[in-house]
Ligand code: BG6
């Protein structure tokens, strides 16, 4: 295995010889302040601060960077500094302890309201004070909105009025939910766009920062072996699946307003679908990539209820059902599971069903793309398994393709096996960054490739808004499924009706006993 090791140094040495997807952008250099709005909230604790620390630890934040937390919670600097280690994993190990001390040393906190100019003026005084210590006049600000959507618009307006630099670069990172349907998304977008131009806005869909999602473009376009059969002539159906083994558990208030389609499918899974199906971009520049993504999205007609399976989990094995969660409104018709079939009306994909399925409280944690190829011509073979290309996004990143091979030994029968690129076996000592780390770094570098453009968002909402309105009205059928199961019991039939053929029972991954064949 030693040959296959990719050490960070070797990785750097190789980077000149592998095709690079990077291009040059305005990088926020020294003299940058990152302001995190919503600094005491859940997202900031779980994702933003750990990612900022991760980048700091790898020395990837701009030299001289300062981080300013802003939230309504009243606390002094000492209290804020005390909280930071609790946001960070393994804060107690020796190496981290010293780094966390340094990291807290560059972080400060301002408490204020989200709708009062005075609060933002107070923030401004704080920022100017920091900037006074910078050597040059040219300074930059990255504003990170880890905020509930209800305050997006006022905060964006107040920041523009009070904290926007006339000289230097301003950038804004915003998080989903970007509205609840096409109409509210457009309202939100136009409110923000009154003050910020598209170049300054970075809309995060954190799935675009995941290593395996970022890998898809390279995998598709740098491997003729795969790009050659990437169409309706070779591929029968595609499933993009998201499974979580826990329910809403106290987060029901937020979830119930959105449901699984808005929470996962309309954004995370649809983003993966566009990258799987878009045409080859002219270049790997952000706009060329996003132009192709929008084109394919526009070829997808709205999803119908008839082509969708919806479910809601009920209590089982000592675990509570969705409606048992006190934060969920009584009798809620919110789906916690959905499988939506999308079709793409273009010559490459016409007739291929794309099944996007996501569920909470299922039997495992897994996100994967499963591309199932068509049957080989019958005649010399009978009932031979189909090829399947699986891109496992998490856990344990992998790409493997199920193939048929001759049974080893004197036997001449075919048996199903796979060619397998499991990252942790192949790349033994490289670490894969968290999605948020990769995306914050992209935003600092001014690279929009992995962020959602306004017209992309618009097209995404067009696909889902009609069905969402019908579900919200209660006109959809919800199938119950037990907590910890694979989902609604009619799921297998639903997928089979859209062309998916399950592999023979003898197939087990990662090893198969020949005795079982
Ligand atoms: C978020 C959803 O966008 O993604 C959550 O709001 C979900 O409900 C999360 O749990 C999943 O992200 P990840 O990175 O854990 O797959």
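The values are calculated or read from the model by the stated rules, or taken from the named source; none is laboratory data. Since we're looking at a predicted model, the values are computed, not measured. Here Cβ is always computed from backbone atoms with ideal geometry, including for glycine, and neighbour counts include all displayed protein chains.
Here residue 283 passes the criteria (1) on the phi < 0 side of the Ramachandran plot; (2) assigned to a helix (DSSP H, G or I) except the one numbered (2). For residue 303, the criteria (1) outside any helix (DSSP H, G or I); (2) crowded, with 17+ Cβ neighbours inside 10 Å; (3) within 16 Å of the ligand (Cβ to nearest atom) hold in every case but one, which is (3).
Could you tell me whether residue 199 is surrounded by fewer than 20 Cβ atoms within 10 Å (Cβ to Cβ) and within 30 Å of residue 326 (Cα to Cα)? Talk me through it step by step, then tell me what you get.
Numbers: surrounded by fewer than 20 Cβ atoms within 10 Å (Cβ to Cβ): yes; within 30 Å of residue 326 (Cα to Cα): no.
When the stated conditions are applied, residue 199 does not pass them.
Tell me, yes or no, whether the stretch 243-258 has at least one residue that is closer than 14 Å to residue 464 by Cα and either away from the ligand (no atom under 16 Å from the Cβ) or assigned by TED's automatic domain parsing to the domain that holds residue 227 (or both).
Just the residues of the stretch 243-258 that are closer than 14 Å to residue 464 by Cα, to begin with: 258.
If we keep only those that are either away from the ligand (no atom under 16 Å from the Cβ) or assigned by TED's automatic domain parsing to the domain that holds residue 227 (or both) as well, we get 258.
For the stretch 243-258, residues closer than 14 Å to residue 464 by Cα and either away from the ligand (no atom under 16 Å from the Cβ) or assigned by TED's automatic domain parsing to the domain that holds residue 227 (or both): present.
Which one of 147, 208 is in a loop (DSSP other than H, G, I, E, B), closer than 27 Å to residue 50 by Cβ and under 26 Å from the mean Cα position of the chain (by Cα)? So that I can check it myself, show each step before the final result.
Details: 208 fails: in a loop (DSSP other than H, G, I, E, B).
Checking each option against the conditions leaves just 147.
Determine the pairs where a residue that is within 16 Å of residue 355 (Cα to Cα) and assigned by TED's automatic domain parsing to the domain that holds residue 242, located within the stretch 472-500, has a partner that is modelled with pLDDT of 95 or more and assigned to a helix (DSSP H, G or I) with Cβ atoms under 9 Å apart, the partner being 6 or more residues away or on another chain. So the pair list comes out as 486/492; 488/494; 498/307; 500/492. Scanning the stretch 420-447 for residues that are more than 17 Å from residue 289 (Cβ to Cβ) and within 16 Å of the ligand (Cβ to nearest atom) returns 432, 433, 434, 435, 436, 437, 440. Within the option set 204, 240, being under 21 Å from residue 356 (Cα atoms), within 16 Å of the ligand (Cβ to nearest atom), in contact (Cβ under 8 Å) with a residue 12 or more places away in the chain and not assigned by TED's automatic domain parsing to the domain that holds residue 353 holds for one residue only, 204. All conditions in (1) within 16 Å of the ligand (Cβ to nearest atom); (2) surrounded by fewer than 23 Cβ atoms within 10 Å (Cβ to Cβ); (3) within 19 Å of residue 267 (Cβ to Cβ) hold for residue 336, with the sole exception of (2).
Scanning the stretch 380-413 for residues that are in a loop (DSSP other than H, G, I, E, B), in contact with a helix residue (DSSP H, G or I) (Cβ under 9 Å, 6 or more places away or on another chain) and away from the ligand (no atom under 16 Å from the Cβ) yields 407, 408, 409, 411. Report whether or not residue 351 is at pLDDT below 95, over 26 Å from the mean Cα position of the chain (by Cα), in a loop (DSSP other than H, G, I, E, B) and more than 16 Å from the ligand (Cβ to nearest atom). So residue 351 does not fit the description; no.
The residues on offer are 219, 226, and the sole one that is more than 12 Å from the ligand (Cβ to nearest atom), more than 20 Å from the chain's Cα centre (by Cα) and part of a helix (DSSP H, G or I) is 226. When the stretch 154-179 is filtered for residues that are assigned to a helix (DSSP H, G or I) and surrounded by fewer than 19 Cβ atoms within 10 Å (Cβ to Cβ), the ones remaining, listed by number, are 154, 157, 160, 161, 162.
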